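*Asks:* Following this message is one structure expressed as structure tokens.
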Amino acid sequence: MRRTDEEAELAKLIRRYVTPDRRYLKLGGVLLGMSGRDRAKFIQKLGKAAGEISPSELGMLLGRGWRERKTAAWLIAVAGRTEFRERLGELLLASEGPYAGHAYCVALATFGTPADADLLVAYLDRYLPRPDLYYDQEAALGALLLLDAKLGTGHAAQFLAPNGLWQQWIDGPPIKDRDAPDSYREFIGQLCAFADESAKHCPTRRHDVPPRRR
């Protein structure tokens, strides 16, 4: 009976936070193509949802599949729930499934502290030496470059040195995009700006998290 109750609660959470208007599909690059009334409506609803969902409910979503994890990470970013920092870092490093990694990087970049940069460095240390794994290296590097610019640090430099890990990963099979690293920084910055804009509609936004500047 308890398992049935938990499954019913999870299904209710998914219907409330993950699937409305196919939210889980839109949280990402699709957001940057939104404009006008659709954009304003999505931003408002996302901010409201981030304020309504409880920490225990977020934990339940983070324990599920990529749709739930991706949505939860965005709600965490919008609400500035830094207490989930380590959990998001663990999920990013584990890379257990597709599609959610970008959301973890957005959340860490939105938090914007040295602790978040350390988690991104740990990810790149593990996955850049694996050119055969085309995971979330680009998003992680973009987020790290964004934090370097904010914090006045140079963590990304170790990866971008000539013939360094980034170049080795790009050159290794399979064939990968060869966009400039700053393009990934700009992309993550735009997503963070969207999260910050949604945060204006989140009544429980953590005030110790400063607004993102691109």
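*Asks:* Just checking, how many residues over the range 14-38 are within 19 Å of the chain's Cα centre (by Cα) and free of Cβ contacts under 8 Å to residues at least 60 places away in the same chain?
*Replies:* 12
*Asks:* With under 16 Å from THR110 (Cα atoms) and crowded, with 21+ Cβ neighbours inside 10 Å as the only criterion, which of LEU141, LEU151 stands out?
*Replies:* The conditions single out LEU141.
*Asks:* Additional query: Which residue pairs have Cβ atoms closer than 8 Å, lie 6 or more positions apart in sequence or on different chains, and pair a first residue in the range 120-143 that is more than 13 Å from LEU92 (Cβ to Cβ) and among the aromatic types (Phe, Trp, Tyr) with a second residue that is open to solvent by 10 Å² or more (accessible area, probe 1.4 Å) and not in a helix (DSSP H, G or I)?
*Replies:* TYR134/PRO174; TYR134/LYS176
*Asks:* Name, by its number, the condition in (1) open to solvent by 70 Å² or more (accessible area, probe 1.4 Å); (2) among the charged types (D, E, K, R); (3) under 16 Å from the mean Cα position of the chain (by Cα) that does not hold for ARG85.
*Replies:* (1)
*Asks:* Criterion first (surrounded by fewer than 19 Cβ atoms within 10 Å (Cβ to Cβ), at pLDDT 95 or above and over 20 Å from PHE111 (Cβ atoms)) does ILE170 satisfy it?
*Replies:* Yes, satisfied.
*Asks:* If you don't mind, another one. Would you check if THR4 is open to solvent by 20 Å² or more (accessible area, probe 1.4 Å) and either among the hydrophobic types (A, V, I, L, M, F, W, C) or modelled with pLDDT under 95 (or both)?
*Replies:* yes
*Asks:* Let me ask something else about it. Which condition number does ALA156 fail, the rest of (1) closer than 26 Å to LEU75 by Cβ; (2) open to solvent by less than 70 Å² (accessible area, probe 1.4 Å) being met?
*Replies:* Checking ALA156 against (1) closer than 26 Å to LEU75 by Cβ; (2) open to solvent by less than 70 Å² (accessible area, probe 1.4 Å), the one that fails is (1).
*Asks:* What helices (runs of 4 or more DSSP H) completely inside the range 97-214 contain at least 1 residues that are out of contact with any helix residue (DSSP H, G or I) (no Cβ under 7 Å at 6 or more places or on another chain)?
*Replies:* 114-127, 137-151, 157-160, 165-171, 181-199
*Asks:* Considering every residue within the range 112-124, establish whether at least one is among the acidic types (Asp, Glu) and open to solvent by less than 50 Å² (accessible area, probe 1.4 Å).
*Replies:* Scanning the range 112-124, I find at least one residue that is among the acidic types (Asp, Glu) and open to solvent by less than 50 Å² (accessible area, probe 1.4 Å), so the answer is yes.
The values are calculated or read from the model by the stated rules, or taken from the named source; none is laboratory data. Predicted, not measured: the structure shown is a model, and the values here were computed from it. Backbone-built Cβ (ideal geometry, glycine too); neighbour counts: all protein chains shown. Please note that ligands, DNA and RNA were not included when accessible areas were found on the heavy atoms of the full protein model with its side chains. Shrake-Rupley method; radii C 1.70, N 1.55, O 1.52, S 1.80 Å.
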